[in-house]
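The values are calculated or read from the model by the stated rules, or taken from the named source; none is laboratory data. These figures come from a predicted structure and were not determined experimentally. Backbone-built Cβ (ideal geometry, glycine too); neighbour counts: all protein chains shown.
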Amino acid sequence: MKNLLNAESAGNLEGFFKGLADTSRLRILNLLFHGELCGCDIQHVLESSQSNVSRHLTYLKNSGLVLDRRSGYRVYYCLTTSSSLDHKLLFEYLRSAFKRDKLFAADLRTLKEAIKEGACTVSESKPELASARSGSQPHMTR
């Protein structure tokens, strides 16, 4: 039984670190420390395609680091709320490491500005902003 528990714990750690082994996924986790986000907002901050962001989010979900929920045609993402010590220590370390990096700080500034302007619903509520952004990145579709 002891070996089974160790193997399970090692598998969890392996999954966590595989999930962390990409700058885009680290950037997404950094954004999710802000709270639950629509995929549109993540896509906006990363300036990446819907398919690329979706692929990274799926990887993070499969690694046990992120949860999602659907509301209409939007999908919202958040960090897992596990009570495991591994999750708590890992997230504590990441939060500290993200605070020391300029890229992650810039991403948070971009996110806060996007939320203030209503980036997730820009195409629905602010047509003038939607047309200005239409040349950059499309919203995620579900």
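Here is a list: 88, 116. Which entry is more than 20 Å from residue 53 (Cβ to Cβ) and either in contact with a strand residue (DSSP E or B) (Cβ under 6 Å, 6 or more places away or on another chain) or modelled with pLDDT of 85 or more (or both)?
Working: 116 fails: either in contact with a strand residue (DSSP E or B) (Cβ under 6 Å, 6 or more places away or on another chain) or modelled with pLDDT of 85 or more (or both).
88 is the lone residue from the list that is more than 20 Å from residue 53 (Cβ to Cβ) and either in contact with a strand residue (DSSP E or B) (Cβ under 6 Å, 6 or more places away or on another chain) or modelled with pLDDT of 85 or more (or both).
Working only within region 59-73, note down all residues that are part of a strand (DSSP E or B) and buried (at least 17 other Cβ atoms within 10 Å of the Cβ). Write out each step before concluding.
Taking region 59-73 and keeping what is part of a strand (DSSP E or B), we get 66-71.
Result: 66, single match.
So for region 57-73 (the condition being without any contact (Cβ under 8 Å) to a residue 24 or more places away in the chain and more than 26 Å from residue 116 (Cα to Cα)), does at least one residue qualify?
Yes; the residues of region 57-73 include at least one that is without any contact (Cβ under 8 Å) to a residue 24 or more places away in the chain and more than 26 Å from residue 116 (Cα to Cα).
Out of the residues in region 25-54 that are over 10 Å from the mean Cα position of the chain (by Cα) and farther than 13 Å from residue 77 by Cβ, which is surrounded by the most Cβ atoms within 10 Å (Cβ to Cβ)?
Per the stated criteria, the residue is 44.
Kindly indicate whether any position in region 74-83 is touching a residue at least 24 places away in the same chain (Cβ under 8 Å) and more than 13 Å from the chain's Cα centre (by Cα).
Filtering region 74-83 down to residues touching a residue at least 24 places away in the same chain (Cβ under 8 Å) leaves 74-79.
The next check asks that each one be more than 13 Å from the chain's Cα centre (by Cα); those that pass are 74.
Among the residues of region 74-83, at least one is touching a residue at least 24 places away in the same chain (Cβ under 8 Å) and more than 13 Å from the chain's Cα centre (by Cα), which makes the answer yes.
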